[in-house]
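Student: First the structure, then my questions, so here it is.
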């Protein structure tokens, strides 16, 4: 599932990079470009054949992901408050496909009661760049549960030196004349001043 | 115009393109300067015609090079794809050509210096396989620090020196415009990083240098400028400049939901020590999950509200690092080998003004006879042909 989040994130960031208000871009054009790019990248992913569990249905602007047959709609915004349009389209898909359970990481989720569906939320910063991608379940009333932030795992390694040690201060690069000893920076600079 | 040539060596069309790109002239503008047609310039650049000595001299005058410059090898064509440009897709092609040409000429200068002096050998580790997950890139940045004896947890006081000691030739050029921060090339005899000297924020320069280092380490022989490669280089830069072992230890954990003025002061103190913007520090804290998405979002809003995303207060900025290796090499050339800047220009077949632009050194007007050239410079020049 991380691969879906990564592709969505890259697509949105690539659209945000091109955002240029001085040339007439506005949130609407940014959103359109980001949506199209996200659909495109996810479609390419599905067509790559590397992820047999991933299927795409796309007709013009209509786009739905299917993970092992379970529909998954994506949207930009907070994971805790999907908007009404997202809720409606998610519910429509769920009713169309029937609801199944999704495995996330190592956790097993018990079979959900009807009315809950899966969403992928792409939370962004002020520039429209991805902050965090979440997978979550929502229902028609806008309630959410099982919110999974997708995190690229980073291990934090141990501290290896004393507190507040000085920073690394290097001498300038060594330069020498072939056949002569290496010239230290201070010696050379002094010599230059002498000359 | 009569077309007579007194040399049997072919005119290099790529060198003409190179010099014209550096001079930022269109074919039409160059044609007007040398009183030929634009079509003729086009013929020269696609190799269909050879110029007379007179036209070659006029081209040289217009483009800041000697006529002999056009006779040298054809291996110095622009090959823009060799250079790593951020925002490649949105930077005007003319700007990319001009800056790439500057980089190529700077590379020629460094090649020359390599022949007359012993510069640090290129010691940039290539870890292409690391250009995958964030964890792999973090480890690549740490490997780099360890290989250069920098440890895993301390700030770097001068990243330009760090790169130059690893054999990377660094230069800063004016006129890069708003779009380009820096660009780099890992092909050729040594890696080259070119900084836009129009950007005067010290913390941004530190990050730009580390970003270009990321390309040199991760993307040798790869096309860069894509969002994936730029994101990877950013992750590398962040990990190299703000290594997690040191960062985790020093980042002050916010105690309140809303960050107070005194808390921001702590971040600016961290900036002073690590020479990196507060914006980069907060992003690093988020990436290492030392703050959550909501805290980062609030911090970002505050940075935006204060106008600090465009530039943080100048009194908090670290000193703007300047390249040292090439300027010092000129000093050593003159002091030890009696090779003056003017001799270097002659050896490269550049006009003095071109050397001044490329190397940022002053080339004093010659007082003696014009045909007196240092023997060392002449030998190096001969070896290049």
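The values are calculated or read from the model by the stated rules, or taken from the named source; none is laboratory data. Since the structure is predicted, the reported quantities are computational estimates derived from the model, not experimental observations. Because the Cβ atoms are built from the backbone with ideal geometry, glycine has one as well, and the counts that use them run over all protein chains shown.
Student: Among the residues of region B:150-171, are any assigned to a loop (DSSP other than H, G, I, E, B), buried (at least 22 other Cβ atoms within 10 Å of the Cβ) and away from chain A (no Cβ under 13 Å)?
Tutor: For region B:150-171, residues assigned to a loop (DSSP other than H, G, I, E, B), buried (at least 22 other Cβ atoms within 10 Å of the Cβ) and away from chain A (no Cβ under 13 Å): absent.
Student: The conditions are (1) over 19 Å from residue B:148 (Cβ atoms); (2) part of a loop (DSSP other than H, G, I, E, B), and residue B:220 fails exactly one of them. Which is it?
Tutor: (1)
Student: If you go through region B:72-95 one residue at a time, do you hit one that is modelled with pLDDT of 80 or more and farther than 17 Å from residue B:25 by Cα?
Tutor: The answer is no; no qualifying residue exists.
Student: Which one of these does residue B:370 not meet: (1) assigned to a loop (DSSP other than H, G, I, E, B); (2) surrounded by 16 or more Cβ atoms within 10 Å (Cβ to Cβ); (3) more than 25 Å from the chain's Cα centre (by Cα); (4) modelled with pLDDT under 90?
Tutor: Of everything listed in (1) assigned to a loop (DSSP other than H, G, I, E, B); (2) surrounded by 16 or more Cβ atoms within 10 Å (Cβ to Cβ); (3) more than 25 Å from the chain's Cα centre (by Cα); (4) modelled with pLDDT under 90, residue B:370 misses just condition (2).
Yes/no matrix, rows are residues, columns are (1) outside any helix (DSSP H, G or I); (2) crowded, with 24+ Cβ neighbours inside 10 Å; (3) at pLDDT 90 or above:
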{"position": "B:188", "(1), (2), (3)": "yes, no, no"}
{"position": "B:216", "(1), (2), (3)": "no, yes, yes"}
{"position": "B:259", "(1), (2), (3)": "yes, no, no"}
{"position": "B:262", "(1), (2), (3)": "no, no, no"}
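Student: Scan (1) on the phi < 0 side of the Ramachandran plot; (2) at pLDDT below 85 for the single condition residue A:128 breaks and write down its number.
Tutor: (1)
Student: Now for a different question. Given the criteria part of a helix (DSSP H, G or I), under 25 Å from residue A:116 (Cβ atoms) and modelled with pLDDT of 85 or more, does residue A:51 qualify?
Tutor: no
Student: Please list, ordered by first then second residue, the pairs with beta carbon atoms under 6 Å, 6 or more apart or interchain, first in region A:24-44 and in a loop (DSSP other than H, G, I, E, B), second at pLDDT below 90.
Tutor: A:25/A:19
Student: Right, residue B:128: touching a strand residue (DSSP E or B) at 6+ places or on another chain (Cβ under 6 Å) and either away from every other protein chain (no Cβ under 14 Å) or modelled with pLDDT under 90 (or both) or not?
Tutor: So residue B:128 does not fit the description; no.
Student: Also, quick follow-up: Checking residue B:203 against (1) within 13 Å of chain A (Cβ to nearest Cβ); (2) at pLDDT 90 or above; (3) out of contact with any strand residue (DSSP E or B) (no Cβ under 8 Å at 6 or more places or on another chain), only one condition comes out false. Which one?
Tutor: (1)
Student: Could you tell me which residue of region A:1-22 is nearest to the chain's Cα centre (by Cα), considering only residues that are more than 10 Å from every other protein chain (Cβ to nearest Cβ) and without any contact (Cβ under 8 Å) to a residue 24 or more places away in the chain?
Tutor: Going through the qualifying residues, I end up with A:21.
Student: Filter region B:92-121 down to the residues that are in a loop (DSSP other than H, G, I, E, B) and in contact with a strand residue (DSSP E or B) (Cβ under 9 Å, 6 or more places away or on another chain) and list them by number.
Tutor: Residues satisfying the conditions are B:117, B:119, B:120.
Table: residues versus (1) crowded, with 16+ Cβ neighbours inside 10 Å; (2) in a helix (DSSP H, G or I).
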{"site": "B:319", "(1), (2)": "no, no"}
{"site": "B:323", "(1), (2)": "yes, no"}
{"site": "B:329", "(1), (2)": "yes, yes"}
{"site": "B:336", "(1), (2)": "yes, yes"}
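Here is a yes/no grid of residues against (1) at pLDDT 60 or above; (2) more than 7 Å from chain B (Cβ to nearest Cβ):
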{"position": "A:137", "(1), (2)": "yes, yes"}
{"position": "A:140", "(1), (2)": "yes, yes"}
{"position": "A:143", "(1), (2)": "yes, yes"}
{"position": "A:150", "(1), (2)": "yes, yes"}
{"position": "A:164", "(1), (2)": "no, yes"}
{"position": "A:168", "(1), (2)": "yes, no"}
{"position": "A:173", "(1), (2)": "yes, no"}
{"position": "A:186", "(1), (2)": "no, yes"}
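Student: Now for a different question. Give the residues of region B:264-298 that are facing another protein chain (nearest Cβ under 10 Å) and assigned to a helix (DSSP H, G or I), sorted by residue number.
Tutor: Across region B:264-298, the qualifying residues are B:273, B:274, B:283, B:286, B:287, B:293, B:294, B:296, B:297.
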